[in-house]
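Encoded as structure tokens, the structure appears first; notes follow it.
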Amino acid sequence: PFYRKANQFNPNNAGLNLKIGRCYLEGAGSTYKIKSLEYLQKAYKLDLRVDADIFYLLGRAYHLKAEWDKAINEYKKFQKTFGPNTSMNRKSRTVKRIQECKNGKELIKKPVRVS
């Protein structure tokens, strides 16, 4: 709530938009997670170098919104930022997310009704 209040006075601050986007992305409930996308997009638009993880965060937001191709694209951009000292955990997590998106694309083709 404090970030949103600050955003009323300074809506074009990339860092602030990033923080709001992260809060929504990591918050409880799918409604909040979906809201993260608009703030993350704005943060990136305002400052292309707003955060080293911006592509991962955008990928996550698209992923949770079931926009598989956009998510994969952002995850692949994130992979391009990897250097020789990038942790294996970060690398494998990103590969896993890409595979989840590919799985989502396939599963959505044949929906299964469950109860």
Those residues of region 9-35 which are modelled with pLDDT of 95 or more, assigned to a helix (DSSP H, G or I) and of a type in the set (S, T, N, Q) amount to 17
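Evaluate region 5-16: report whether one residue or more is touching a Leu at 6+ places or on another chain (Cβ under 7 Å), surrounded by 13 or more Cβ atoms within 10 Å (Cβ to Cβ) and among the hydrophobic types (A, V, I, L, M, F, W, C).
First, pick out the residues of region 5-16 that are touching a Leu at 6+ places or on another chain (Cβ under 7 Å): 6-7, 10, 12, 14.
Applying the additional criterion that residues be surrounded by 13 or more Cβ atoms within 10 Å (Cβ to Cβ) yields 6-7, 14.
Next, from what is left, pick out any that are among the hydrophobic types (A, V, I, L, M, F, W, C): 6, 14.
Looking for residues that are touching a Leu at 6+ places or on another chain (Cβ under 7 Å), surrounded by 13 or more Cβ atoms within 10 Å (Cβ to Cβ) and among the hydrophobic types (A, V, I, L, M, F, W, C), one finds at least one in region 5-16, hence yes.
Looking only at residues that are assigned to a helix (DSSP H, G or I) and either open to solvent by 50 Å² or more (accessible area, probe 1.4 Å) or touching a residue at least 40 places away in the same chain (Cβ under 8 Å) (or both) in region 69-83, which one is nearest to residue 103 (Cα to Cα)?
69
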Between a first residue in region 24-45 that is closer than 19 Å to residue 12 by Cα and a second residue that is open to solvent by 50 Å² or more (accessible area, probe 1.4 Å) and among the aliphatic types (A, V, I, L, M), which pairs have beta carbons less than 9 Å apart while being 6 or more apart in sequence or on different chains?
24/34; 36/64; 37/64
Hey, any hits in region 44-57 for a residue that's open to solvent by 80 Å² or more (accessible area, probe 1.4 Å) and closer than 23 Å to residue 2 by Cα?
yes
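Test of understanding: among 97, 60, 93, 113, which residue is modelled with pLDDT under 95 and either of a type outside the set (Phe, Trp, Tyr) or more than 11 Å from the chain's Cα centre (by Cα) (or both)? Let's see the steps before the verdict.
Values: 97 fails: modelled with pLDDT under 95; 60 fails: modelled with pLDDT under 95; 93 fails: modelled with pLDDT under 95.
Checking each option against the conditions leaves just 113.
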Looking only at region 28-46, how many residues end up being of a type in the set (Ser, Thr, Tyr) and either in contact with a Gly (Cβ under 8 Å, 6 or more places away or on another chain) or more than 15 Å from residue 63 (Cα to Cα) (or both)?
3
Would you point out the residue of region 84-94, among those that are part of a helix (DSSP H, G or I) and hydroxyl-bearing (Ser, Thr, Tyr), that is farthest from residue 48 (Cα to Cα)?
92
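Considering only region 58-68, how many residues are outside any helix (DSSP H, G or I) and either in contact with a strand residue (DSSP E or B) (Cβ under 7 Å, 6 or more places away or on another chain) or open to solvent by less than 60 Å² (accessible area, probe 1.4 Å) (or both)?
Taking region 58-68 first, the residues outside any helix (DSSP H, G or I) are 65-67.
Filter once more, so that each one left must be either in contact with a strand residue (DSSP E or B) (Cβ under 7 Å, 6 or more places away or on another chain) or open to solvent by less than 60 Å² (accessible area, probe 1.4 Å) (or both): 66-67.
So the count comes out to 2.
The values are calculated or read from the model by the stated rules, or taken from the named source; none is laboratory data. Quick caveat: nothing in here was measured; it's all calculated off a predicted structure. So basically every Cβ, Gly included, is an ideal-geometry build from the backbone, and we count neighbours across all protein chains shown. When the accessible area is computed, the model is the full protein with side chains, heavy atoms only, and any ligands, DNA or RNA have been set aside. Shrake-Rupley method; radii C 1.70, N 1.55, O 1.52, S 1.80 Å.
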